[in-house]
1. Which residues in the range 378-421 have a backbone N closer than 15 Å to a point placed 7 Å from the Cα of Met3 along the Cα-to-Cβ line?
2. Order of 381-389, 120-128 by packing, highest average Cβ count within 10 Å first?
3. Relative contact order for the chain using alpha-carbon pairs under 8 Å, separation at least 6, rounded to a whole percent?
4. Put a dot 7 Å past each Cα toward the Cβ at Arg135 and Asn59; how far apart are the dots in nm?
5. Calculated from DSSP H runs of 4 or more alone, at -39500 (n - 2.57) each and per residue, what is the 222 nm mean residue ellipticity of the chain, nearest 500?
6. Place a label point 7 angstrom from the Cα of Arg314 along the Cα-to-Cβ direction, then list the residues of the range 260-295 whose backbone nitrogen is under 12 Å away.
7. Could you calculate the FRET efficiency of Arg322 with Glu164 from 1/(1 + (r/R0)^6), where r is the beta carbon distance between them and R0 is 22 Å, rounded to 0.05?
8. To the nearest 20 debye, what charge dipole does the range 281-365 have about its Cα centre, counting +1 at the Cβ of each Lys and Arg and -1 at the Cβ of each Asp and Glu?
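Coordinate-derived values only; no laboratory data. Remember, it's a predicted structure, so these values are computed and weren't measured experimentally. Please note: Cβ atoms are built from the backbone with ideal geometry, for glycine as well, and neighbour counts cover all protein chains shown.
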Amino acid sequence: MGMNQTITVTPPGIPLTGHVSPPGSKSITNRALLLAALAEGTSHLRGALKSDDTRHMSNALRQMGVTIDEPDDTSFVVTGTGQLQVPDAPLFLGNAGTAVRFLTAAVCTVNGRVTLDGDHYMQKRPIGPLLDALRKSGLSAESATGCPPVVVQGNGSIKATRFEIDGGLSSQYVSALLMLAACGDGPIEVALTGNDIGARGYIDLTIACMREFGAQVEVVNDALWRVLPTGYSACDYLIEPDASAATYLWAAQALTHGKIDLGVAAEAFTQPDAKAMEIIAQFPHMPAVINGSQMQDAIPTLAVLAAFNETPVRFVDLANLRVKECDRVQALHDGLNQVRPGLASVDGDDLLVASDPGLAGTDSQALIDSHSDHRIAMCFALAGLKVSGVRIQDPDCVGKTYPGYWHALEFLGVRLERGSL
């Protein structure tokens, strides 16, 4: 399996119509799993995502003494004691960024030594700013490279009164510290050292989830939060569908003039990527400039859609995309130019897409290197809805967040052909 496997998408030539339910939100599922594990008692999580990322999170929590049952495809029943235990082996977290970053902070509550590691992609993803913030507050968190593996030496209590973090590289660092702060011995302030923050909407998501599990968080201003030492209480929690996953279906609808019913309105989502629908709705007259900072995971979807737009599109503020599962700016550039040479160029951290509606209906021998990145694989399937011959490497990497993606496309009437290099 892996990079030797391919999937070729055949343009359907008809509007895509039907009802498809996107999976549960990865972002919310991994937050809820952690908070339920830190709580005392049994929590029922419904509407959850079962994927590689949430499997890594749940397995790591099980290693630390949390009981997690899975009664069906969209539920977790989590029973915690209020205290994570020392695992008997390193926590292996694949390429799950939320799991690595959230757990690096959370395991500071453990009374003992915890090693967190991931696959070779994760070992290139920076975590230095989070480790610096923990160390400055008297906690022990070390990494030889500034990326995983990370070694945390906890003493069972959090005596810090303030965490200071540069959230410019990732909002996940801020979320990790906020969730840890409720486990403090006393109130803890979480403060940004700069004004920049990757995808601020995810902080709102974190705080909403914390409050559901009994935390008390005061938003002092845009750069300061005060968290009381409440710990967490078990609860029943319904997880909304994944907005990032929904963007592919919204774009497929726009590209084929179809009607895909997701069972949930775009405005009902609380996740930042749902804002992409406002731009997708303007296709084929998308804005000339699109800022990617606050809906980062939707940018691959929008970049491929932009290839078929009436006018060129420049995507700006994409620095965070370079430290995702792969360098997504480069991967999008390379993939678009596989579809047709000259379709994309890079200017610093900006991606320029030389849109051409005439691209639809053409043939291509594009071989898309997905870099085992679920979002790259899923977004270039959209190109295959309009251009013949688009092959995508390592199609099963979509299992990271949307295991049923290819099945959903087939259900809507898209013909897929699996092969190998």
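1. Zone members listed by number: 392-397, 421.
2. 381-389, 120-128
3. On the way: 1035 pairs, mean separation 87.7, N = 421.
Averaging sequence separation for qualifying contacts and normalising by length gives 21 percent for the chain.
4. With each label point 7 Å from Cα toward Cβ, the separation is 3.0 nm.
5. Details: 12 runs with 123 residues, N = 421.
Calculated at 222 nm, the ellipticity per residue is -8500 deg cm²/dmol.
6. 288-291
7. Details: r = 24 Å, r/R0 = 1.10.
It comes out at approximately 0.35.
8. Its charge dipole is roughly 60 debye.
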